[in-house]
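Here the structure is laid out as C-alpha cells; the discussion comes afterwards.
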Amino acid sequence: MSTRIITTTLTTGAAVLAASGPASAGVFPGDPLVGSSADVQRLSDMDMARDGTGALAFLANEGGETRAFVSRFVNGGFIGAERVDAGLPAVSGAAVAASNGGRVVAVFSAGGVIYGAVRPDGAQPWSAPTPIGSGTMPSVAMSLSGTAYTSFTNNGDVNVARLDRRTNAWAAVAGAFDVDPARDAGTGNKRSKVAISADGTGVVVWGEDGADGRTHVYARKVFGTNPSTRPQDLTLSELEGRPAGGADLPDVDAEDDSSFAWVVFRQSIVDANGASRLRTVARRQRGTEFDPPVVVDSFSVPADEDTLAPRIDLNGRGEGIATLSGASTNQPIAALLENDAFKRGQRYGTTNTSPAVTAAAVADNSDALLAWVQSPGADAPGVRLRPFDDFAPQPEAALSRPELGPVDPSRGFEVVADRAGSGVVAWVQSSPTLPGARSIVAGYLDRPPRAFAGYTAQSYRKLSRPKLAWGEAVDLWGPITYRVFLDGAQITELVGRTSWTPVQPIPDGVHRWQVQAIDRRGQITSSRVRLLRVDATPPELTVRISGERKARRALKVTIRAADVQNPTASGLSRVRIQWGGRDDHHDEGLQGHVHPPLSPRVVHAARQRDRQGRGRHGRHPLAEDRQEVSPCAPLGPWEQER
C-alpha cells in the first residue's frame, strides 16, 4: 500500500462527511477511511477511551509486505493513518488500546515477535517499536491510568506482558500463563483475550487442551507482573443435568472494581434429544472465584442451532451486553446485563444468508449501541445499528452505504463507545467496481450535545451590556460552537466559550435570549428561552423645599420621582433623605412629603432608591429605581448652619 492511497482516501472521506447527513437522530452512515485498494487487508482492532479519544488498527500492503497502521480518533473524527512497524518484518496481526488524554498503545506480531509501540498522548509522537517476546495473535487492554497488558500465543503457550504507565516500558510476566504448559493453549479458537480494571489489575482468558480430552476455558488474574496462583477453570461439566463437551472462543471485560469481571465463551452441551449444540455461556468473577454459569443465548431446550463468536462489553459499573449470532439463521442475538444479572437473549434484525457478526459497546451513562452485519435474501451484506438510551432500545437504522459495496465481516468488525454514549462502528467493504479492492469504513452514533441551561439571572440588570453565561453542553467529540440569540436574532457565535459580554448596549426593557450548541456534524441543542431584564436608565427626580428658613424651624421637603423612561422599567423602590453627617434616615415610600422630626442643621442629600438598591452618593437629592439612581439639582443655600 502506498502513502498516496491513504492520503487520497482520507481526503475523500472528509468530503463525504461534509456531504452526508444523519440517517436518523445522531446516526451518520459510513465514511471510507482507507481505500478503495487491493492493498487493504483487514481491520484488526479498535478501541475508545472514556474521554472520546481512540484508535483503529488495520493491516495493509506496502512495498509488497503487510504492514501495521493506526488511525487515531481525535475530536470526533479519524486522522491520517500512521505506520507503527517501521523497519520490521511483515506483520501478521495487530491490536490497539486507548486511554484518556490521547494515550494509545499498539501491539503487533512481526516476523514471529510481538512488538509494542506507544503514543504517550496526543501531542507526542509514536515510540519506536519495542520487542516484547516471541509470539502471535496479540490482545491488549489499557486502564484509565494508562497501564496496559498484552496477552499472546507462543508455541502453544499463553504469555503476558505489562506496560508501565510511567516509564512506557514493557515487562514480561514470568513463565507461561497456562495451567499445564505441556498442553496446547492459545491457538486457533483457543486464542487469549485480556481485560484490565481501573486500578491496573488484569484478567486473562484463553482456551487450553485438557487431560479429559475436552478443550477448557481458563481465567487468571495478574497483579503487576505477578500472576494469580489460582487460575480458574470455567468449563462446565454439565448444564442442568445434561453433559457438556469442549469450550472455546472466550471473551472478557472487567469492571472498574478489580473484584469483578464477566467472561463469555462457547461450550458444547448435549440436549435432551442427544444432539450436541454450541451454547453461549457467561460467568461472573468475584475476587478470584466465579459465580455459577448463565446461558445467555435465546434458545430453549432443545436448542435449534449453534452459536457463533460471543463477545461482551461492560461499562465501569458492570452494566453490559453480550453478543453472538445463530449459526443456522445467521441472526444477531444480544443479552443485556443489568444489576449483575443477564436478561434472556433477544434476536435482532432478520435471518441472513451469510454468517452475521454482532458487537456492542456500553457507555458509563447506560447508553449503548448494538451493531451487526445483515444479509437478507439477495441483498448484499450491510451494517445495521440499534442505539439504546438508558438500556431502552431505539429505532434500528442502516449504517453502511450500499454504493461502497458489500460488507465483508470476515475482515474485521468493531464497535466502541465513549462515556457519554456516542460510538463508532468500523468494518470493511469490498469495492463494487474494482475487483479485489477494499475500503475500511466507519459509521457513527454521534449523540447531539447534551442539554444545558442559561445562567444569567432573570432579575433586572443595571448594565446595558450585561454578561451572558450558560452551562457547557457536554460533547466529547470536539469543541462546541455556541450561537447566542437575543429577541430572535443571532448576536454572536463562539467556539468553546460559555459566557459573553455584548459589544453593543442592549436597550432597556424585557428581552428574551437563548443559546444554541452545535457539534462538528451540525447537530443542534438549544437552551430554554430566558428573560433578560435591562434597566440602565436612572429615574427622574424633582425636589421642592418650603417653609420658613430659620433656626429651629421645620422645613418641608417634597420629592417627586418617576421611573417612566419606558413601560418596562424596574420601577421605584423608596425615598431616602439623609440628615447631616448622621447615618439615620427617613423613608417614605415611593413619593410624597417628608417632615423631618427635628430641624436639620445641615441636609446633605435627599435620596430615593429603586428596588435593586442602586445609588450614587452626593450632596444633593437622589432618586433610585430598581436599578439606577437619578440626581437632581443641589438643595441650595439652605445647607448652611443657622
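Quick notes
- Looking across region 375-393 at every residue that is more than 25 Å from the chain's Cα centre (by Cα) and open to solvent by less than 20 Å² (accessible area, probe 1.4 Å), the one that is farthest from Ala437 (Cα to Cα) is identified as Ser375.
- Residue ID - surrounded by the fewest Cβ atoms within 10 Å (Cβ to Cβ), chosen from residues in region 262-289 that are more than 15 Å from Trp206 (Cα to Cα) and of a type in the set (Gly, Ala, Ser): Gly274
- Condition check for Arg230: basic (Lys, Arg) and open to solvent by less than 70 Å² (accessible area, probe 1.4 Å): no
- Residue match in region 304-322 (condition: surrounded by fewer than 21 Cβ atoms within 10 Å (Cβ to Cβ), small (Gly, Ala, Ser) and in contact with a helix residue (DSSP H, G or I) (Cβ under 9 Å, 6 or more places away or on another chain)): no
- Qualifying residue in region 172-191 (condition: touching a strand residue (DSSP E or B) at 6+ places or on another chain (Cβ under 6 Å), open to solvent by less than 10 Å² (accessible area, probe 1.4 Å) and assigned to a strand (DSSP E or B)): yes
- Strands (runs of 3 or more DSSP E) contained entirely in region 416-521, each with at least 1 residues that are within 26 Å of the chain's Cα centre (by Cα), crowded, with 16+ Cβ neighbours inside 10 Å and in contact (Cβ under 8 Å) with a residue 40 or more places away in the chain: 423-430, 438-445, 509-518
- Evaluated against (1) farther than 23 Å from Val295 by Cβ; (2) without any contact (Cβ under 8 Å) to a residue 60 or more places away in the chain, Ala198 falls short on exactly one condition, (2).
- Leu555 passes every criterion in (1) at pLDDT below 75; (2) closer than 28 Å to Lys462 by Cβ apart from (2).
- Qualifying residue in region 108-129 (condition: in contact with a helix residue (DSSP H, G or I) (Cβ under 8 Å, 6 or more places away or on another chain), assigned to a loop (DSSP other than H, G, I, E, B) and either aliphatic (A, V, I, L, M) or modelled with pLDDT of 95 or more (or both)): yes
- Flag for Glu396 being touching a residue at least 40 places away in the same chain (Cβ under 8 Å), in contact with a strand residue (DSSP E or B) (Cβ under 9 Å, 6 or more places away or on another chain), open to solvent by 40 Å² or more (accessible area, probe 1.4 Å) and among the acidic types (Asp, Glu): yes
- Residues (under 17 Å from Arg533 (Cβ atoms) and not polar (S, T, N, Q)) located in region 492-515: Pro502, Pro505, Ile506, Pro507, Asp508, Gly509, Val510, His511, Arg512, Trp513
- Taking every residue in region 47-58 that is open to solvent by 10 Å² or more (accessible area, probe 1.4 Å) and pairing it with any residue that is among the acidic types (Asp, Glu), at least 6 positions away or on another chain, the pairs with Cβ-Cβ distances below 9 Å are Asp47/Glu414; Met48/Asp418; Arg50/Asp364; Arg50/Asp418; Asp51/Asp418; Thr53/Asp418.
- Region 134-155, subset part of a loop (DSSP other than H, G, I, E, B) and open to solvent by less than 10 Å² (accessible area, probe 1.4 Å), residue nearest to Gly224 (Cα to Cα): Thr147
- Selection from region 46-68 of residues that are hydrophobic (A, V, I, L, M, F, W, C), closer than 24 Å to Arg520 by Cβ and in a strand (DSSP E or B): Met46, Met48, Ala55, Leu56, Ala57, Phe58
- Test set (1) on the phi < 0 side of the Ramachandran plot; (2) crowded, with 23+ Cβ neighbours inside 10 Å; (3) over 24 Å from the mean Cα position of the chain (by Cα) - Gly405 fails condition number: (1)
The values are calculated or read from the model by the stated rules, or taken from the named source; none is laboratory data. Model, not experiment: these values are computed from the prediction. A quick note on method: Cβ atoms are made from the backbone with ideal geometry, for glycine too, and the neighbour counts reach across all protein chains shown. Please note that ligands, DNA and RNA were not included when accessible areas were found on the heavy atoms of the full protein model with its side chains. Shrake-Rupley method; radii C 1.70, N 1.55, O 1.52, S 1.80 Å.
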